[in-house]
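Single-structure report; data block below.
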Amino acid sequence: MLADGLVVRISDALFKSSLAKNAKPVFPQKIAKFEIKFGEKWAIWGGGKGQFLDVLANKYLCDPPLSLQYGRTQGSAPHVELMAFKGVIPTAHLSARYEHFKDEFDQTCKKFILDNAIGSNAVSYDVSTTDRKVDMALYDKLVDELKLTDLQDRWAMGLSNGQMRRARLAYSLLKEPDMLLIDDPFLGLDSTAASIISKFLANYQSKRRCSVTIGLRIQDAIPQWCTHVCCVDEREGIVFQGPTHELQDQINSMRKRYELEARKHNSSSRYQVEDLVASHPMFRKPQHEVLKMPSTIELRGLEVKYKGVPVLQDLHWDVKPGSKWHIRGDNGSGKSTLLSLITAEHPQSWNSKVIEQGQPRKTGSSNYFDINRRIGMSSPEIHAIVLKNAARDLDIREMISTGFHDASSNNFKPMWTRLSDDKKLLVEMYIKHFNLQELAQTERFSQLNVSNQKLVLFIRSLIKMPQVLILDEAFSGMERGAMMRSHEVLEAWPGTVLVVSHVEEETPKCDHYLRLLAPGNYKVGQISHDET
Ligand SMILES: Nc1ncnc2c1ncn2[C@@H]1O[C@H](COP(=O)(O)OP(=O)(O)OP(=O)(O)O)[C@@H](O)[C@H]1O
């Protein structure tokens with residue numbers, strides 16, 4: 001048993017994902033010593049953060065057997081809650097999100113957070129699934145502090161990504177954990193929501209003196225409330241650890257090291273970015289021809305309502321061929337709704353106020369597959385579907401190739417062997433350019449870290465050289481080096497690009513913005529070159 005006050009201890013441990021003799025360890029070296037005490041607040045920082053959080057959540061096998069131990073609270077093993085946002089949880093793809101409303105088993109946000117009963121929309125009673133006593137005073141406090149009061153009666157599946165993340169945090173904290181682990185706590189949140197969550201975690205003190213541990217990338221600032229930091233590299237394991245205030249010099253020099261490595265990596269590129277985009281139909285198209293082309297998308301007074309309440313109202317927007325747009329707006333302002341209209345995932349997509357290449361969209365004249373033939377997309381929803389359905393079967397090459405399915409971004413049927421030599425060559429060029437050759441030899445998509453998963457999904461979204469490229473939070477969770485390299489490709493990208501991103505650093509260079517302020521209140525503008 002561990003000494004009082006310790007929630008977890010690792011000593012001389014090697015971690016593996018399976019019992020197979022030749023199974024590769026998660027980190028090549030043994031972890032000599034690591035401890036978290038009750039009430040401490042840790043940042044696990046660096047390329048190996050995801051794996052290390054999984055280690056702490058007891059997802060791997062440790063060798064020798066007792067080299068990972070948990071402290072005991074009130075006579076029992078501590079309760080550990082891990083929140084990792086690989087895609088959206090539990091919302092699936094947007095079309096499913098709307099279809100789900102037909103599903104009688106969808107639940108309200110309140111029931112989702114309480115998580116102690118299941119019910120059906122067809123009957124008026126619920127069935128308890130646990131005998132867990134829910135502390136309703138704590139529920140009220142969490143709902144209030146996480147600004148969920150007005151969302152309690154909404155269907156959970158209809159919550160926006162940012163709203164769902166706050167609900168998911170309330171769900172975990174209501175279980176009164178002893179150790180809370182959150183990977184990328186601010187991913188996909190607008191600045192207000194990010195500061196709500198940061199302040200909340202800073203002040204969070206539970207009866208059980210829960211320790212809070214967050215996973216951050218090297219480029220992320222470490223919040224001041226993190227009392228301790230542990231830098232974990234994917235290859236080296238723990239690089240250093242201890243109280244944050246004692247480690248400032250090491251933190252700064254580690255940042256510089258990563259920055260240099262990313263630059264070195266970028267300058268050793270085998271291809272010019274122009275080679276990668278040269279097969280796009282808009283590549284080097286003379287300006288006078290582009291000017292004569294009809295708008296890629298035009299919205300003439302678009303409106304979308306949920307149960308009579310407008311989310312988008314009287315929206316006018318003209319997207320010219322080859323223009324690059326940053327779609328801005330707080331969590332819940334309607335960005336995903338707008339994109340789902342463009343990709344025809346939304347039930348109200350057949351709307352004559354949506355004009356595509358000069359033609360109003362109408363039932364009968366355009367179908368889902370024609371619409372999506374010209375669209376490539378990376379989004380949290382696609383990431384979630386892929387992890388659920390295809391991640392274990394496909395390697396990097398196969399995953400990128402599924403981007404060639406021309407009629408849908410959600411088709412993950414293997415495609416590599418059916419590709420022409422030219423297409424195979426293009427996939428290989430991207431793999432080399434992004435330095436993924438080694439991983440492409442051995443790893444399945446599910447074995448990649450989140451940053452490389454996002455990178456592969458980014459390459460997949462552009463591999464068919466689509467007219468419209470939609471990048472919804474495509475770079476959140478990505479390491480800086482991979483992100484810089486992706487942005488470089490986008491600068492040379494000749495097609496239309498629509499970007500949704502809350503973090504300035506993650507936003508590729510765009511020339512226009514559309515800001516969703518409130519239903520009926522929009523701002524469209526140019527982005528000057530020194531602004532991102
Ligand atoms: N099917 C639905 N039924 C009812 N309300 C919905 C539905 N889908 C979305 N909403 C609500 O519409 C609003 C817009 O949601 P949307 O997902 O488009 O926002 P967003 O701007 O993409 O947010 P985020 O930045 O958090 O991803 C939100 O308040 C959301 O709760």
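Read the figures in this text as sums done on the coordinates, not as results from a lab. Everything numeric in this text was worked out from a predicted model, so none of it was measured. With ideal geometry, Cβ positions are generated from the backbone for all residues, glycine too; neighbour counts draw on all protein chains shown.
What is the fewest-to-most order of Leu138, Leu187 by other Cβ atoms lying within 10 Å of their Cβ? Display every interim value, and only then the final one.
Values: Leu138 15, Leu187 23.
Starting with the residue having the fewest Cβ neighbours, the order is Leu138, Leu187.
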Checklist entry - Arranged by the count of other C-beta atoms within 10 angstrom, fewest first, what order do Asp314, Asp421, Asp144, Asp233 take? => result Asp421, Asp144, Asp314, Asp233
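Which percent, to the nearest 5, of DSSP beta bridges fully inside the chain are antiparallel? Before the final figure, lay out the partial values.
Values: 44 of 79 bridges.
Counting only bridges with both partners in the chain, antiparallel ones make up about 55 percent.
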Checklist entry - To one decimal place, what Kirkwood hydrodynamic radius in Å is obtained for segment 204-274 from all pairs of distinct Cα atoms? => result 14.6
Item to check | Radius ratio Rg over Rh of the chain, counting only Cα atoms, Kirkwood formula for Rh | outcome: 0.97
Item to check | Long-range HN-HN contacts of Asp406 with modeled amide H, under 5 Å | outcome: none
Checklist entry - Once the Cα gyration tensor of segment 469-532 is diagonalised, what are the square roots of 5 times its eigenvalues, in whole Å and ordered largest first, as equivalent ellipsoid semi-axes? => result 22, 14, 11
Checklist entry - With the contact rule set at Cα under 8 Å and sequence spacing of 6 or more, what percent relative contact order holds for the chain? => result 16
Item to check | Debye, to nearest 20: dipole size of the chain, +1 on Lys, Arg Cβ, -1 on Asp, Glu Cβ | outcome: 460
Item to check | Cα centroid separation, segment 403-418 to segment 222-265 (Å) | outcome: 39
Item to check | Local electrostatic count, Ser17, Cβ distance below 10 Å [Lys/Arg +1, Asp/Glu -1] | outcome: +2
Checklist entry - Which ordering of Ser501, Ser198, Ser420 is given by a fewest-first count of other beta-carbon atoms within 10 Å? => result Ser420, Ser198, Ser501
